[in-house]
Amino acid sequence: TETMRRGVFICGGATFPKDAPTSSLHAHSAAIKTAKFLMKGKIVKDLKVAVVNEDYCGDCEFCPVTCPYGAISLMPKDNGHFVARVSELLCEGCGVCVGSCPVGAIELSHLKNSQILAQIRALLSVNEASKPLILAICCSECGHAAVDSSGMAMMNYPANVRILKVPCTGILQVQHVLEAFKAGAQGVMVIGCKPEGCHYGTGAQKAQRKVELAKKLLSEYGIEPERLEMLNLVYIEGDQFVEAAKKMTEKVETLGLVKLA
Ligand code: SF4
Ligand code: SF4
């Protein structure tokens, strides 16, 4: 019954065709959620939002159509051009717009691109494991929850796998993948929600397209594209994460060290 818009709940035939008893159950659930929402008395909104550098914005219109929350609009400037503006009230800080901007004009206030790159370098700077380093870029929803659930179930994943948590895999840029290989990763895994269950709408689908693009670029640089893969999990699939991490480790061991052209 929940929707992408905070405080808007739907039920019954508004979701998909269903019989009367099921509709009634959904209506009950929507009423409870609505009451809980209203009883809080106020909406608390943190300021983890996207910020546009207006000097860089080229008015390309990608980000307004990309934002799953409709938080970006194009506003006229004095010179007859337009510039992207983010509504702090609507923005949920997912970063999907960041991954879509071709000129790097949008950043998250709480996770700038330079910070992501610095985290990638830091995570890969030390390797005390005897195995080749692998970077796992996980969304903060199902991706990271699946990694957590593997730990809670006492399943061991290889110590050579380093976890980088981002709000949504939709923030992924090809630059992040290249930086990882430059910093010594022998494999990169991008772990997000199932496309149909992505908490930020189309974030996981957008990440998949970036992964495909990055694979092509890796080939150009003489790096085997199979060193990069995307995994779509639900939060309880810690076992699948562990299995994929082990398989990736075995694969890059077989491939040997990355040879940068
Ligand atoms: S961070 Fe997410 S919610 Fe905020 S403007 Fe960008 S795409 Fe929209
Ligand atoms: S995607 Fe980037 S360049 Fe295009 S409108 Fe948005 S901020 Fe401006």
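Considering the conditions (1) part of a helix (DSSP H, G or I); (2) open to solvent by less than 50 Å² (accessible area, probe 1.4 Å); (3) out of contact with any Cys (no Cβ under 8 Å at 6 or more places or on another chain), K18 is excluded by exactly one of them, (1).
Among the residues of region 42-67, the ones that are within 14 Å of ligand 1 (Cβ to nearest atom), free of Cβ contacts under 8 Å to residues at least 60 places away in the same chain and among the hydrophobic types (A, V, I, L, M, F, W, C) come to 8 in all.
Which residues, counting only those in region 198-236, are under 26 Å from T3 (Cα atoms) and of a type in the set (S, T, N, Q)? Result: T202, Q205, Q208, N232.
Consider A30 carefully, then state whether it is within 12 Å of ligand 1 (Cβ to nearest atom), under 28 Å from A204 (Cα atoms) and either open to solvent by less than 40 Å² (accessible area, probe 1.4 Å) or modelled with pLDDT under 95 (or both). So A30 fails the test.
Going by the conditions given, is I120 more than 16 Å from ligand 2 (Cβ to nearest atom), in a helix (DSSP H, G or I), closer than 27 Å to E61 by Cβ and not polar (S, T, N, Q)?
no
Put simply, of G95, G99, G70, G80 the only residue that is loosely packed, with under 14 Cβ neighbours inside 10 Å and within 15 Å of ligand 1 (Cβ to nearest atom) is G70.
The values are calculated or read from the model by the stated rules, or taken from the named source; none is laboratory data. Here the structure is a predicted model, which is why all the values come from computation and not from measurement. Ideal geometry is used to build each Cβ from the backbone, glycine not excepted, and the neighbour counts take in all protein chains shown. Keep in mind that these areas ignore ligands, DNA and RNA; they rest on the heavy atoms of the full protein, side chains included. Shrake-Rupley method; radii C 1.70, N 1.55, O 1.52, S 1.80 Å.
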